[in-house]
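Values quoted throughout were computed directly from the atomic coordinates according to the rules given, and no laboratory measurement underlies them. This is a predicted model, so every value here is computed, not measured. Here the Cβ is made from the backbone with ideal geometry for all residues, glycine too, and neighbour counts use every protein chain on show.
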Amino acid sequence: MPTPDITPWHSLDCPGALARCHSRDDGLSKEEASALLASIGLNALPQPPRKHLLQRFVLQFHNLLIYVLLAAAAITAALGDWVDCSVIVAVTVINALIGALQEGRAESALAAIRDMLAPHAIVVRAGERHELDASQLVPGDIVLLQSGDKVPADVRLLETRSLRVDEAALTGESVPADKQTAALPAATELAERSNMAYAGTLVSFGQARALVVATGSHTELGRINAMLGSVPAHVTPLTRELERFARQLTAVILAVAAVTIVLGVLWRGQDWQDMFMAGVGLAVAAIPEGLPAIVTITLAIGVERMARKRAIMRKLPAVETLGSVTVICSDKTGTLTRNEMTASHVLLRDALLQTNGSGYAPEGGLFHDGVPQHYGNHHALDALLQAAALCNDAQLQELASGWQLLGDPTEGALLTLALKAQLPLQELQLQLPRRDAIPFESEHRFMATLHHDHNGQRLILLKGAPEVVLARVSHEQTANGMQAADVTWWQQQAAQLAGNGCRVLALASLQQPHSSSELSFADVSGGLTLLGLVALIDPPRDEAQQAVAQCRAAGIRVKMITGDHAATAAAIGRQLGIGDGRALNGHEIDQLDDAALAATVAEVDVFARASPEHKLRLVAALKHGGEVVAMTGDGVNDAPALKQADVGVAMGGKGTEAAKEAAEMVISDDNFATLVAAVHEGRTVYDNLKKAILFILPTNVGQALIIIAAILFGVALPISPVQILWVNMVSAVTLALAFAFEPAEQGVMQRPPRPRAAQLIDRLFLWRLIFVGTLMVAIPFALYLQQLSAGSSHALASTLAVNSMVAIEIAYLFNSRQRHASAWQRGTLLGNPVAIGCVLLLIVLQLAFSYLPWLQQWFGTASPTASHWLQAIASGIAAFVLIELEKAMLRRR
Ligand code: ATP
């Protein structure tokens with residue numbers, strides 16, 4: 001912590017700041033950094049304290065359904081019925097315990113996901129660049145920042161290049177602040193400190209080199225302790241719908257219980273105290289106590305399962321939205337293609353050269369008509385290779401595992417190309433040191449660098465999309481010198497190369513007498529000399545084609561939105577099965593008004609030369625047409641489109657922090673197939689939730705109906721309230737939990753997306769609720785009456801009724817594993833090991849319930865005989881068959 005008598009960082013000049021950190025321009029050494037890390041600690045904010053188990057346990061009672069149960073317990077206590085009271089209390093306690101444990105598990109799953117999203121930083125140590133986990137930074141480190149990065153610590157800027165930082169997270173100011181490096185008066189306010197950048201803010205434009213001055217809780221962010229990290233909440237539209245449902249359910253249950261009590265007393269002339277107990281039993285029976293816990297755990301397990309498949313959910317509601325996605329808008333480069341660029345051809349004015357070799361290994365060569373070509377023999381080729389190598393920020397490293405690229409693949413391919421032709425890179429970098437640069441941005445689609453040679457000449461090198469570069473050239477390089485540029489010819493050549501699916505770059509240069517050592521956009525606005533074109537191949541990912549086909553089967557349309565040339569995009573689209581060969585260009589999009597665009601997006605699937613603004617308009621147009629849109633993105637400017645989409649998907653690898661922050665989901669391997677797998681998983685999670693709920697509720701309906709029937713027919717309750725609680729408890733914690741682990745149904749990706757407006761509680765749902773609920777009353781009730789008339793004791797008859805009800809639940813578990821398809825298949829009966837385990841556990845619990853003396857005493861049960869067990873099993877089988885018949889009939893309709 002700086003003490004007040006020390007000059008603030010922003011009022012020190014750069015050398016002063018470096019000196020105070022005992023750092024240098026080339027950074028700390030690794031040893032210095034690790035010693036500092038050991039003494040200062042990680043660059044991380046203290047995690048908000050996780051809720052203690054006890055705390056979570058107590059919070060479980062804060063639930064409307066549980067309040068009703070506790071009220072029931074109070075009433076039974078007032079009436080002196082201590083057994084019922086203690087069972088009800090025991091059930092609420094067990095339920096809360098299970099809820100607390102499961103919530104703990106869900107929280108750990110989400111915390112692990114948060115770790116997976118931990119930001120990285122590029123740091124210079126002992127003159128070498130490294131990519132590190134941002135938590136490893138220490139004061140004195142030199143970090144490199146570029147647009148899209150999240151500033152990893154508080155830093156004093158040492159060098160800036162058009163740097164603008166979005167400080168809304170810290171200052172609330174929504175307009176990005178311009179940054180510079182000069183020292184400022186000590187009294188400058190935080191928001192005005194233009195030579196500093198603070199942890200947690202986002203670089204929205206430009207680049208910088210900066211000195212870390214404070215880390216972890218010593219940063220401004222740490223000091224105000226505004227924990228930014230969007231921690232996924234447990235609330236989703238579905239859980240909200242369920243909460244509402246639970247409230248309505250409670251009201252209905254209480255009303256029905258009241259009416260039943262009144263009817264029992266006035267109509268059947270029952271004793272009011274008995275009726276009151278029956279009413280309490282009814283309320284207890286009808287309340288699905290296990291429901292909230294089941295929903296939480298099913299969602300958490302789903303999210304965990306997705307994370308294992310490399311799709312990390314940042315916002316929980318997206319799990320459900322994923323299941324109803326109708327359109328996926330995907331980037332091309334890196335998502336549909338491998339983003340492993342290789343230069344395949346070089347076109348000079350007088351020659352077309354080919355390369356061999358693949359990957360970033362500078363092995364293989366350049367050939368003209370089969371003859372190898374080297375740097376140093378051909379003036380035009382040399383000029384092009386120089387531009388390719390020097391107007392370039394990529395680095396190649398030879399590791400034991402092979403050649404590795406640090407930087408952008410497009411630039412890596414160009415560097416490899418130059419090295420294949422044996423260009424002496426280091427020598428050239430010394431001869432033509434770089435003075436300034438305009439970094440590549442997808443808005444302007446070019447990059448330019450400024451070099452000075454030893455005679456003081458200025459050399460500007462430029463590379464970028466052909467149409468952008470061609471608009472700036474006046475001349476072209478030939479084998480013998482220069483001539484006026486034939487732009488039309490070059491355009492045709494570029495289109496031809498792009499038509500094969502290649503990314504095409506044009507390279508140009510401009511020599512000037514020495515003037516300033518700064519490079520502006522005006523310097524590269526015209527008069528350049530075109531050096532040639534380079535075609536890069538970036539093959540589609542193997543799994544992408546299949547994933548696109550999967551989407552088509554699942555009723556999801558795939559659209560490709562790329563910054564690349566229309567011909568390149570259309571060719572790649574053809575290879576992957578996206579679109580019909582048509583591609584719409586960014587400037588064509590500009591010409592359409594919103595209505596026309598909405599009509600066009602319904603037809604065209606490939607969009608080229610599209611900038612982030614186009615993405616935004618496309619999402620809006622698609623949403624306007626009623627589509628549910630998932631959109632991928634990686635750049636800082638993609639953030640608005642990601643936010644606008646129903647499911648924003650950021651790339652974990654090449655994506656910027658800004659994109660990740662805006663997204664609902666992050667895909668850690670940047671792969672389109674992973675996105676499709678996540679949709680598959682999203683549909684499954686929703687299915688499983690629906691199945692679990694559809695499994696739990698009929699049991700409650702059945703139990704409530706039993707009590708109502710007993711009262712209205714004037715017979716003793718076949719199943720006592722405490723027995724009902726037992727059934728609810730054991731079935732909810734065993735059987736219903738199995739649905740959280742349920743594998744996907746076979747046809748999940750063969751049916752159309754779930755309509756967004758589709759309600760969980762639909763007509764089929766209600767019908768099955770009543771159908772199965774009725775089975776659950778009718779069969780146990782019949783067995784109970786038959787036992788009584790055969791002379792069995794009430795205890796024995798109700799033990800049989802309970803066991804029969806549990807057998808029906810077990811059968812119904814297997815019916816419900818497929819909502820529509822027949823359950824009579826090996827996969828359904830044996831496919832979920834958790835379900836089998838739950839059934840076995842439940843059988844053990846039922847044996848204990850029936851035979852253990854102290855449980856017999858508590859629950860009023862009596863030891864059944866073998867024939868009783870056979871009757872229970874038979875009722876399970878009967879229910880299974882009847883429900884399957886019902887499903888078959890529905891299927892036929
Ligand atoms: P997608 O949206 O499919 O991911 P992309 O984002 O890779 O595509 P951009 O990176 O915006 O597309 O590239 C657009 C065009 O800019 C390319 O077709 C290429 O001509 C040019 N380009 C790409 N990278 C560079 C670079 N590093 N330097 C100069 N020009 C580049």
Checking rank on 50-59, 441-450, with mean other Cβ inside 10 Å and highest first, the result is 441-450, 50-59
Can you tell me the order of 790-797, 381-388, 518-525 when each peptide is scored by its average per-residue count of other Cβ atoms within 10 angstrom, highest first? 381-388, 790-797, 518-525
Give me the tail of P(r) for region 327-369 as a percent: Cα-Cα pairs with distance above 17 Å. 50
Amide H neighbours of residue 647 under 5 Å, counting only residues 5+ apart in sequence or on other chains, H built in-plane at 1.01 Å? 629, 630, 631
If I stretch the segment between residue 487 and residue 595 completely, what's the gain in nm (0.36 nm per residue apart, minus their alpha carbon distance), one decimal? 35.3 nm
Checked region 342-537 with the C-alpha gyration tensor, a ≥ b ≥ c its square-rooted eigenvalues, rounded below a/c of 1.5, otherwise prolate if a/b is larger than b/c and oblate if not; verdict rounded
Peptides 329-339, 628-638: what's the order by average Cβ count within 10 Å, highest mean first? 628-638, 329-339
Please list the radius of gyration and Dmax for region 445-517, considering alpha-carbon atoms only, with Å as the unit. 14.0, 43
Can you classify region 530-594 as rounded, prolate or oblate using the Cα gyration tensor, where a ≥ b ≥ c are the square roots of its eigenvalues, rounded means a/c under 1.5, and otherwise it's prolate if a/b beats b/c and oblate if not? oblate
Could you estimate the translational diffusion coefficient of region 646-777 from the Stokes-Einstein equation, with Rh from the Kirkwood formula over C-alpha pairs, at 20 °C and 1.002 mPa s, in whole µm²/s? 118
Multiplying the sequence separation of residue 795 and residue 480 by 0.36 nm and subtracting their Cα-Cα distance, what value in nm do you get? 102.6 nm
How high is the FRET efficiency between residue 54 and residue 613 when r is their beta carbon distance and R₀ equals 51 Å, given to the nearest 0.05? 0.45
What is the calculated FRET efficiency for residue 174 to residue 824, with r their C-beta to C-beta distance and R₀ = 45 Å, to the nearest 0.05? 0.15
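Which shape class, rounded, prolate or oblate, goes with region 293-408 when its Cα gyration tensor gives a ≥ b ≥ c as root eigenvalues, a/c under 1.5 marks rounded, and past that a/b bigger than b/c marks prolate? Don't skip to the end; give the middle numbers.
Numbers: a/c = 3.93, a/b = 2.88, b/c = 1.36.
Verdict is prolate for region 293-408.
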Order by neighbour count: 267, 9, 854, 403, fewest other Cβ atoms within 10 Å first, most last. 854, 267, 403, 9
Please turn the phi angles of region 60-77 into ³J(HN,Hα) values with the Karplus equation 6.51 cos²θ - 1.76 cosθ + 1.60 (θ = phi - 60°), one per residue in order, whole Hz, x for glycine and proline. 4, 6, 7, 7, 3, 4, 6, 4, 4, 4, 5, 4, 4, 4, 5, 5, 4, 5
Residue by residue through region 766-783, what is 3J(HN,Hα) from phi via Karplus (6.51 cos²θ - 1.76 cosθ + 1.60, θ = phi - 60°)? Round to whole Hz and write x for glycine and proline. 5, 4, 5, 4, 6, 4, 5, x, 5, 4, 6, 8, 4, 5, x, 4, 4, 4
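Normalising by the residue count of the chain, find the relative contact order in percent from Cα pairs under 8 Å and 6+ residues apart. Can you show the working numbers first?
Values: 1689 pairs, mean separation 103.2, N = 893.
12 percent.
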So how far apart, in nm, are the two label points at residue 352 and residue 763 if each is 7 Å from Cα heading toward Cβ? 6.3
Angle in degrees between helix 237-266 and the longest Cα principal axis of the chain, rounded to the nearest 10: 10
Kindly express, to the nearest 10 degrees and within the range 0 to 90, the angle between helix 379-390's C-alpha long axis and the longest C-alpha principal axis of the chain. 40
Relative to the chain, whose Cα atoms define the longest principal axis, helix 82-116 and its Cα axis are tilted in degrees, nearest 10, by 10
Per-residue HN-Hα couplings for region 515-525, Karplus 6.51 cos²θ - 1.76 cosθ + 1.60 at θ = phi - 60°, whole Hz, x for Gly and Pro? 9, 6, 9, 10, 10, 10, 4, 5, 5, 10, 7
With 20 Å bins from 0: P(r) over the chain, alpha-carbon pairs, percent: 13, 35, 28, 17, 6, 1
Quick one: length gained pulling residue 271 to residue 108 fully straight, 0.36 nm per residue minus the C-alpha distance? 53.5 nm
For residue 574 paired with residue 401, estimate the spin-label separation in nm (one decimal), with each label point 7 Å from Cα along the Cα-to-Cβ line. 3.6
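As a check on your grasp of the helix formula, calculate [θ] at 222 nm for the chain: sum -39500 (n - 2.57) over DSSP H runs of n ≥ 4, divide by the residue count, round to the nearest 500. Show your work: numbers first, answer last.
Details: 31 runs with 424 residues, N = 893.
My calculation for the chain gives -15000 deg cm²/dmol from helical runs alone.
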